[in-house]
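Notes follow the structure.
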Amino acid sequence: MSINRIASVLAVLALLSVNGRAADIILNEYNAVDSNDFLNGGNASADDDGGRASDSYFGRVRGNGGDWFELVVIKDHLDIRGWQLDIYENKILDETLVLTANPIWQDLRAGTIITVSEDVPSDVSYNPAAGDWWINVQANNNGDGLYIEKSSFPVSATNWQLRIRDKAGQIVFGPAGEGISPVSGVSGTEIFRLEADPDATITAASTDYDDGADFSTFGAPNRWASQGLGKLRSVVTPAAGASLKVLAPNGDEAFAMGDIVDVKWESTSVTEPVRVEFSIDNGHSWTETYPANVGNTGSYKWLVPLVDAPQALVRVSSKTRPAVYDVSDKPFTIVSSPMASAMTSFFGFSL
């Protein structure tokens, strides 16, 4: 066997070894929607199937939020300062993004979601103990370079792949993406996502990676059925002996705009006043109810906002100990009328 042949075989074996190894951090989702298209095609009003495929953060917009990809931290207390993100298109290395030595990368908790985006400004308000598990960093040629180097990057439907290397250049994960798993099929009106709960068994070759066109979730758990991060995030607990539990709404309900809904919770070793908040974008942002809740009675009558929201949540937290909180177990839906609310509850999807 020739030296070149031996080298090729060794390279393939090395790639297979990496793809078969559990990683400390994994690729969770990326946006392959072309800049002139919508998720699942169509136009701003409807997709190719007559629905309104959208992203939980961006909504239904052309390009589905632009160039972005999403990672999930698997190993607790992970330090990724100086790590390198290699971006491939059609098996050709296009760009390497390097994370800086900023302390935000020094102690990541298991279950953290990291998004890298060209267009969305950086948000590093990250505080898992208070329920904020998301870090977004903006990478483009005009960026500030505080968290990731100043460099634009592509994300596309042309066999896009990501490889993650540590500070020393050792491969941690990947390449992962179209051409590895799935082998093909990610189109310019789709996203790539992990359709499983992230854990240490996920590798770049996992068959749970697939394309999708119904929904994308920039900065939030994937949605095809429902992705759970609770097991990973159980490493972070609130103050010992103190807890809050949201009882209602707690997921899968449907309410009409303007409804008066009883938000209910139970407290354990929490006697101080609590804050009641709601999110219409699957937990990306939160708004305190108005008027603000007073005391800690276990119930609050909430005026449902006048906005369509397929991914709404409620959060109840201590006003003096923000690490003591609870969120609806699953999203609920806000629709435009009582009839739509009844139909959504009966059939299980929004009209």
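The values are calculated or read from the model by the stated rules, or taken from the named source; none is laboratory data. In this text, all values refer to a predicted model and were calculated from it rather than measured experimentally. Cβ atoms come from the backbone with ideal geometry, glycine included; neighbour counts cover every protein chain shown.
Odds and ends about this structure:
- Considering SER279, SER267, SER181, the condition of being outside the structural domain of SER117 (by TED's automatic domain parsing), surrounded by 17 or more Cβ atoms within 10 Å (Cβ to Cβ) and within 24 Å of GLU70 (Cβ to Cβ) is satisfied by SER279 alone.
- Residues that are of a type in the set (Ser, Thr, Tyr) and in a loop (DSSP other than H, G, I, E, B) within region 305-333 comprise THR320, SER328, listed in sequence order.
- Scoring ALA292 on the criteria (1) part of a strand (DSSP E or B); (2) free of Cβ contacts under 8 Å to residues at least 40 places away in the same chain; (3) surrounded by fewer than 19 Cβ atoms within 10 Å (Cβ to Cβ) leaves a single failure, condition (1).
- Region 128-151, subset in contact (Cβ under 8 Å) with a residue 40 or more places away in the chain and more than 20 Å from ASP24 (Cα to Cα), residue surrounded by the most Cβ atoms within 10 Å (Cβ to Cβ): ALA139
- All of ARG223, ARG165 fail the test of being surrounded by 15 or more Cβ atoms within 10 Å (Cβ to Cβ) and touching a Ser or Thr at 6+ places or on another chain (Cβ under 6 Å), apart from ARG223.
- Residues being at positive phi and modelled with pLDDT under 90 - total across region 255-308: 4
- Condition met for ASP119 (surrounded by 15 or more Cβ atoms within 10 Å (Cβ to Cβ) and touching a Gly at 6+ places or on another chain (Cβ under 6 Å)): no
- Taking every residue in region 205-231 that is farther than 26 Å from ARG109 by Cβ and assigned by TED's automatic domain parsing to the domain that holds ARG163 and pairing it with any residue that is modelled with pLDDT of 95 or more and of a type in the set (Phe, Trp, Tyr), at least 6 positions away or on another chain, the pairs with Cβ-Cβ distances below 7 Å are ASP211/PHE192.
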